[in-house]
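Asks: Handing you this structure, nothing more for now.
The values are calculated or read from the model by the stated rules, or taken from the named source; none is laboratory data. The structure displayed is predicted, hence computed values, not measured ones. So basically every Cβ, Gly included, is an ideal-geometry build from the backbone, and we count neighbours across all protein chains shown.
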Amino acid sequence: MRFLLALRYVNSVALVDESMCTGCHICERVCPTLSIHVLEDLIAHVDAGTCAGCGACVDRCPEYCMTLMDTKEIKLLKVDLKDLPQDKIREICLKAHHHPKEVICYCTGTRAEEIAAAILRGAASPEDLSRMTGMRTGCKVECIQPALRLLKAAGVEPKKPIGYQWYGITRTIWDLPKDMLEKSEYSKFYFDKDKELMDRIVHMGASQK
Amino acid sequence: MTTVLETETHSPRSPLPPRISAYGVKPEYIQKRGFQLPNMVFVRIKDLFPDTPGVIWPPSNPKLIRETTIRALQDIDMSYIKPNHSVNILASHHGFTLLGGEPYAEMLKTIRDVIEEKTGSKNIRLRAGVGLRFRETEEYISSFKLDEYFGPGKAIGVAPIDQGVPIETEVGTLYGIKTIYDANWIVHAHNSDVREVHFHRHVDRAVKPFGMSYARIETRSTYHHNLGPRGANFVARAIFNSQFVRDKWAFACFLLPTPAGIVGVDADRDLYKLDERVTMLNLKTYGKIMTLLGKIDSAIAVLDFACPVPYVFSGGVIFANFCGASTDMFDLDNPLPPYTWYTEAYYDEDEKPMLPETPPPNPHIKAIVMNYSWIGYPSVFWAKHFPIIVVGDWHKQLFDKDPQNIEFMKYVRAVTPDLDSAMKLAHEISRTEKVIVFDGAAEGINVSKPLAELLLEEAPGVSTVVDRELMPKWLKQRGMKP
């Protein structure tokens, strides 16, 4: 069975109950697509054009004043890989130690190559990547590091947003301190074997036509 | 003549009722439960494995949980906590899914009371972390009235997208949730349930929340993408060993579940010592039931519990681990379990594993019937790999609107109006009469009679293999003496 390409369908948008909003800014600070702005009226305003309906604001609003409303039309978030230099896409992925076909967002099924393509199409931050591909708009938790790794591999240093959408890139198995790998009490973490396994994946990506 | 089946099985056990939640359908939609299907029986864990430790819950008895917790804490040094100090009791959502959540809630209340009594501190708070359903612990806090018990504003749910705090560790900067650490002292109030063996592989199990439910997204993403399927478990240890955490560390207090029920409460200032005790208990108890589930040659799995797809329970084992039961997930020499996120990441667009040695999801699961389960966990992997039949259009609508499962229904085999028609279809697809229900029933498993026969027949052999062959290997791999 051939599975359809992963797509991020957006079928809802955040809605603010203005009578309850206190302008606390929390929704603004957790929104992965920077689609919420608390203005001078101290009320949160949602940009429906970029909102991905992820529900981060709904889940963190202390006043319970955000809801998701069905949209009339379903929006698809997807970056086309056509007409982009495939060798460049692969180069970014491999430099970030990702196989181009590796799934980096488990909610949307987005693969590393699509993130690299989005970067080549101008994405300069995790927020841009979320708006273009839908990554980070499912669980909002697990895929921030691949996003930061791929941006770094492409030579892009993202500007940190005002809120706490993300803080920073962390280490990978490829840059653990060497003395750590050799500690006998850490043998149960199988660092060397896991590095071998992940290296194999990356090398398969390098040799794949 | 009385058969073994008649003496060692019982009438099917009624599970806990559906829970009101933002992540599940209204309880009134659940018209029929899996245990009510024809030909079902209940197999007690104790009948499968007579060496199962005695339990203190069930039956329901909060007083016994309180007494056991007080006993576990009586020798724990708390002299460093002064009356003017603040204390955060750290909890996680998962404890509230165990046997209805009351035992865990009672343990949390008791810890609070013991700390107050022993130290004089009046500023004791509850900080309850979550998985991927950010309001979940808020629901439990309200349901168990923990907000009233701890006092106004002192019991809160925290989420991995909340404001963070950098933590310097042996593997560089990682990030915790600020409100987890906003007290003089932290108390790690968790449970020893084996749960996600596919992720933690029972390496530093007791430490895991420091890299997960107490951690920010950057840290959790490091766990699931950066360090490998076994190496990832170092993330929690790195944070726990940091000076930042050690400066606030008070002690750990764990509820001890087994497949048969709660067997006690354990506490220690040395988390690694507690982890060794938990590891020994779990490999023996969960090791046996999980190995036994791996002997099932064909089955329909009925999901019927107030949790997302991977976390519904049967015999103390979550469904995700039944998907991996065709391999030995405790064996650390196996790098990739059939399901884990590293495994999922390495499937190509044709849904074929990139690494040829990747074990397939349990091929003995012939069909899945989703009678009652929650949203809030990316579950499309199961829909791609198993025939899934969803009961009720209300269930479908819930998943269609879940940003974590936007494509789930695309791969589902069918949606039926009720459980009976779903089972009819499942039997046609699977051609098996063996049925196992993941409904969180206490003390045992609701299964069909043919499956009960298989489990009872295989259990003694499994018990011997685990005791004599697997336990020594598992312990050695974790640096422990058999």
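Asks: Given (1) farther than 30 Å from A:Glu196 by Cα; (2) in contact with a helix residue (DSSP H, G or I) (Cβ under 6 Å, 6 or more places away or on another chain); (3) touching a residue at least 40 places away in the same chain (Cβ under 8 Å); (4) surrounded by fewer than 20 Cβ atoms within 10 Å (Cβ to Cβ), where does A:Val38 come up short, assuming only one miss?
Replies: Failing condition for A:Val38: (3).
Asks: Looking at A:Met132, is it in a helix (DSSP H, G or I) and either within 13 Å of chain B (Cβ to nearest Cβ) or over 27 Å from B:Ile406 (Cα atoms) (or both)?
Replies: It is false that A:Met132 is in a helix (DSSP H, G or I) and either within 13 Å of chain B (Cβ to nearest Cβ) or over 27 Å from B:Ile406 (Cα atoms) (or both).
Asks: Confirm whether A:Glu113 is in contact with a helix residue (DSSP H, G or I) (Cβ under 7 Å, 6 or more places away or on another chain) and not aliphatic (A, V, I, L, M).
Replies: It is true that A:Glu113 is in contact with a helix residue (DSSP H, G or I) (Cβ under 7 Å, 6 or more places away or on another chain) and not aliphatic (A, V, I, L, M).
Asks: Out of A:Glu114, A:Glu127, report the one residue that is over 23 Å from A:Asp47 (Cα atoms) and of a type outside the set (Gly, Ala, Ser).
Replies: Being over 23 Å from A:Asp47 (Cα atoms) and of a type outside the set (Gly, Ala, Ser) holds for just one of A:Glu114, A:Glu127, which is A:Glu114.
Asks: For the structure I just gave you, tell me whether B:Ile81 is part of a strand (DSSP E or B), in the same structural domain as B:Ala250 (by TED's automatic domain parsing) and either touching a residue at least 12 places away in the same chain (Cβ under 8 Å) or β-branched (Val, Ile, Thr) (or both).
Replies: no
Asks: Would you confirm whether or not the stretch B:307-324 contains a residue that is in contact with a Cys (Cβ under 6 Å, 6 or more places away or on another chain), more than 26 Å from B:Phe49 (Cα to Cα) and within 14 Å of chain A (Cβ to nearest Cβ)?
Replies: no
Asks: Of everything in the stretch A:64-80, what is over 22 Å from the mean Cα position of the chain (by Cα) and within 13 Å of another protein chain (Cβ to nearest Cβ)? Give them in sequence order.
Replies: A:Tyr64, A:Met66, A:Thr67, A:Met69, A:Asp70, A:Thr71, listed by residue number.
Asks: Taking the residues in the stretch A:178-203 that are surrounded by fewer than 17 Cβ atoms within 10 Å (Cβ to Cβ) and of a type in the set (A, V, I, L, M, F, W, C) as candidates, determine which candidate is nearest to the other protein chains (Cβ to nearest Cβ).
Replies: This residue is A:Met180.
Asks: Based on what the data block shows, is B:Arg216 of a type in the set (Lys, Arg), within 30 Å of B:Gln163 (Cβ to Cβ) and modelled with pLDDT of 95 or more?
Replies: It is true that B:Arg216 is of a type in the set (Lys, Arg), within 30 Å of B:Gln163 (Cβ to Cβ) and modelled with pLDDT of 95 or more.
Asks: If I ask for residues that are among the aliphatic types (A, V, I, L, M) and part of a helix (DSSP H, G or I), which ones from the stretch B:289-315 would you list?
Replies: Those that are among the aliphatic types (A, V, I, L, M) and part of a helix (DSSP H, G or I): B:Ile289, B:Met290, B:Leu292, B:Leu293, B:Val309.
Every residue, every condition in (1) facing chain B (nearest Cβ under 9 Å); (2) over 14 Å from B:Phe234 (Cα atoms); (3) not aliphatic (A, V, I, L, M), yes or no:
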residue	(1), (2), (3)
A:Pro146	yes, yes, yes
A:Leu150	no, yes, no
A:Val156	no, yes, no
A:Gln165	yes, yes, yes
A:Gly168	yes, yes, yes
A:Leu176	yes, no, no
A:Ser207	no, yes, yes
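Asks: A further question on this structure: Among the residues of the stretch A:23-45, are any within 30 Å of A:Ile201 (Cα to Cα), within 12 Å of chain B (Cβ to nearest Cβ), at pLDDT below 95 and part of a loop (DSSP other than H, G, I, E, B)?
Replies: No - not one qualifying residue is present in the stretch A:23-45.
Asks: A further question follows. Please enumerate the residues belonging to the stretch B:101-134 that are assigned to a loop (DSSP other than H, G, I, E, B), away from chain A (no Cβ under 14 Å) and touching a residue at least 40 places away in the same chain (Cβ under 8 Å).
Replies: B:Gly101, B:Ser121
Asks: Can you go through B:Met370, B:Met354 and tell me which one is within 11 Å of another protein chain (Cβ to nearest Cβ) and either farther than 22 Å from B:Ala299 by Cβ or touching a strand residue (DSSP E or B) at 6+ places or on another chain (Cβ under 9 Å) (or both)?
Replies: None of the others qualify; the one that does is B:Met354.
Asks: Could you tell me which of the residues B:Tyr149, B:Tyr175 is over 21 Å from the mean Cα position of the chain (by Cα) and within 24 Å of B:Pro103 (Cα to Cα)?
Replies: Only one candidate passes the filter, namely B:Tyr149.
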